[in-house]
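> Here's a structure for you.
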Amino acid sequence: MIINQNIIAQVKEIIAQSRDNAIRAVDTQRVLMYWYIGKVIFEEEQQGKERAEYGQYLIKYLSQQLQPEFGSGFSIRQLELFRQFYRLFPIAQTVSAQLAWSHYTLFLRIDNEHKREFYIAETLKNHWTVRQLERQINSQLFERLLLSSDKESVLAIARKEKQPSHPKEIIKDPLILEFLGLKKDASYYEKDLENAIITHLQDFLLELGNGFSFVARQKRINIEGDDFFIDLVFYNRILQCFVIIETKIEKLTHQDIGQLQMYVNYYDRTEKLPHENNTIGILLCADKNDAVVKFTLPENNENIIASKYQLYLPSEEQLIEEIKKEIDRINNKEYV
């Protein structure tokens, strides 16, 4: 008797899907359980609010009663997290079934409401794992996007209330590439940087942002008998355009900008379809002179962007300093 082998694959798929659903269901119930525990603790505290020490005593007492039976998951620190969880998400419907408790523990560390709202929206939209979310928080994604856009715009794009209309609303400066494993002070060549990007392509796409897909590496183009090779070509489905990236390990020059402009012109005239938008060019460089970029390109340029890359995670102080510099630059420009 001949058995259709496809049935085995179908049954395995059903089993795997059911197991995944069961795990997600258990995690959803766990998140809701923590929320309700936090609600009970908070409401009980409010009843005894005339005594400032009551809340501390209550949590300590609950932990002593619960840990012997239910384990270390009900320590004083955990119970304090449950209370904080409820205080930040006081409406049960705002607790998403798509997010694990590990996601929420990261959100609870964020004091700024707008920043927290941004990361929640981006996590849901992009289905970030806990590791991916933690990496984005540590790389100061929210602050870096504020360098090129305003808070309202950043939040509106995260909530899907607005589609990005300008490249700088998606493309970050700087790009944080600590995952490449290259050392800041070590000697390496442009091909080493490019190889590392391809090796860690998934992480690089995550860092680039929403809507990017990889197209080509060392893309050969021929112009009147002369061959040229474009380092990296991507496509962004949100902006509906090709994105060309040239890597530079030294400070960029006006020749670098001119070369990238030629590649952008080539793609606009030979590769771009009528319904697509103009190609974007990114010079990914170790250092840059904004004045050189400004005076090399036309005043109305919107499609050539110079973005620095860093091989280490920035500190919050470094990002704050960058934001202050950008604000000063904008103010000076408006004054002139």
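The values are calculated or read from the model by the stated rules, or taken from the named source; none is laboratory data. In this text, all values refer to a predicted model and were calculated from it rather than measured experimentally. As a convention, Cβ positions derive from the backbone with ideal geometry for all residues, glycine included, and neighbour counts pool all protein chains shown.
> What number goes with the only condition from (1) over 19 Å from Ala306 (Cβ atoms); (2) of a type outside the set (Gly, Ala, Ser); (3) touching a Phe, Trp or Tyr at 6+ places or on another chain (Cβ under 8 Å) that Asn195 does not pass?
Checking Asn195 against (1) over 19 Å from Ala306 (Cβ atoms); (2) of a type outside the set (Gly, Ala, Ser); (3) touching a Phe, Trp or Tyr at 6+ places or on another chain (Cβ under 8 Å), the one that fails is (3).
> Then there's this: (1) under 18 Å from Phe107 (Cα atoms); (2) crowded, with 17+ Cβ neighbours inside 10 Å; (3) not aliphatic (A, V, I, L, M): which one isn't true of Gly55, the others all being true?
(1)
> State whether one or more residues within the stretch 8-21 are crowded, with 17+ Cβ neighbours inside 10 Å and part of a helix (DSSP H, G or I). Walk me through it before giving the result.
Just the residues of the stretch 8-21 that are crowded, with 17+ Cβ neighbours inside 10 Å, to begin with: none.
No, every residue in the stretch 8-21 fails to be crowded, with 17+ Cβ neighbours inside 10 Å and part of a helix (DSSP H, G or I).
> Consider the stretch 138-173. How many of its residues are at pLDDT 85 or above and closer than 22 Å to Ile230 by Cα?
Adding up the residues that qualify gives 0.
> Select from the stretch 118-129 the residues that are surrounded by fewer than 17 Cβ atoms within 10 Å (Cβ to Cβ) and either in the same structural domain as His200 (by TED's automatic domain parsing) or part of a helix (DSSP H, G or I) (or both) and list them in ascending order. I'd like the intermediate steps shown before the answer.
Our first condition is that a residue be surrounded by fewer than 17 Cβ atoms within 10 Å (Cβ to Cβ); within the stretch 118-129, this holds for 124-127, 129.
If the condition is that a residue be surrounded by fewer than 17 Cβ atoms within 10 Å (Cβ to Cβ) and either in the same structural domain as His200 (by TED's automatic domain parsing) or part of a helix (DSSP H, G or I) (or both), then Leu124, Lys125, Asn126 are the ones that fit.
> Looking at this structure, is Phe89 closer than 23 Å to Phe212 by Cα and crowded, with 18+ Cβ neighbours inside 10 Å? Don't jump to the end; show me each part of the working.
Values: closer than 23 Å to Phe212 by Cα: no; crowded, with 18+ Cβ neighbours inside 10 Å: yes.
So Phe89 fails the test.
> Now for a different question. Out of curiosity, is Leu133 outside the structural domain of Asn236 (by TED's automatic domain parsing) and either in contact with a Leu (Cβ under 8 Å, 6 or more places away or on another chain) or within 23 Å of Asn277 (Cβ to Cβ) (or both)?
On the way: outside the structural domain of Asn236 (by TED's automatic domain parsing): yes; either in contact with a Leu (Cβ under 8 Å, 6 or more places away or on another chain) or within 23 Å of Asn277 (Cβ to Cβ) (or both): yes.
Criteria met by Leu133.
> Restrict the check to the stretch 216-235 and report whether at least one residue is buried (at least 19 other Cβ atoms within 10 Å of the Cβ) and on the phi > 0 side of the Ramachandran plot. Reasoning before the result, please.
Step one: filter the stretch 216-235 for residues buried (at least 19 other Cβ atoms within 10 Å of the Cβ), giving 230-234.
Filter once more, keeping what is on the phi > 0 side of the Ramachandran plot: none.
No, the stretch 216-235 has no match at all.
> While we're looking at this one, here's another question. Name the residue, out of Glu246, Glu250, that is in a strand (DSSP E or B), in contact with a helix residue (DSSP H, G or I) (Cβ under 6 Å, 6 or more places away or on another chain) and among the charged types (D, E, K, R).
Working: Glu250 fails: in contact with a helix residue (DSSP H, G or I) (Cβ under 6 Å, 6 or more places away or on another chain).
Selected residue: Glu246, the only one of Glu246, Glu250 that is in a strand (DSSP E or B), in contact with a helix residue (DSSP H, G or I) (Cβ under 6 Å, 6 or more places away or on another chain) and among the charged types (D, E, K, R).
> Right, here's the next one. Inside the stretch 220-240, can you point out the residues that are touching a strand residue (DSSP E or B) at 6+ places or on another chain (Cβ under 9 Å) and under 14 Å from Tyr266 (Cα atoms)?
Those that are touching a strand residue (DSSP E or B) at 6+ places or on another chain (Cβ under 9 Å) and under 14 Å from Tyr266 (Cα atoms): Arg220, Ile221, Asn222, Asp227, Phe228, Phe229, Ile230, Val233.
> Answer yes or no as to whether Arg87 is part of a helix (DSSP H, G or I) and among the basic types (Lys, Arg). Reasoning before the result, please.
Working: part of a helix (DSSP H, G or I): yes; among the basic types (Lys, Arg): yes.
Answer is yes for this residue.
> All but one of (1) among the charged types (D, E, K, R); (2) farther than 29 Å from Ile137 by Cα; (3) assigned by TED's automatic domain parsing to the domain that holds Arg135 hold for Lys115; which doesn't?
Result: Lys115 passes all but (2).
> Hey, among Leu232, Leu146, Leu155, Leu206, which residue is closer than 29 Å to Ala121 by Cβ and over 15 Å from the mean Cα position of the chain (by Cα)?
Values: Leu146 fails: over 15 Å from the mean Cα position of the chain (by Cα); Leu155 fails: over 15 Å from the mean Cα position of the chain (by Cα); Leu206 fails: over 15 Å from the mean Cα position of the chain (by Cα).
Leu232 is the lone residue from the list that is closer than 29 Å to Ala121 by Cβ and over 15 Å from the mean Cα position of the chain (by Cα).
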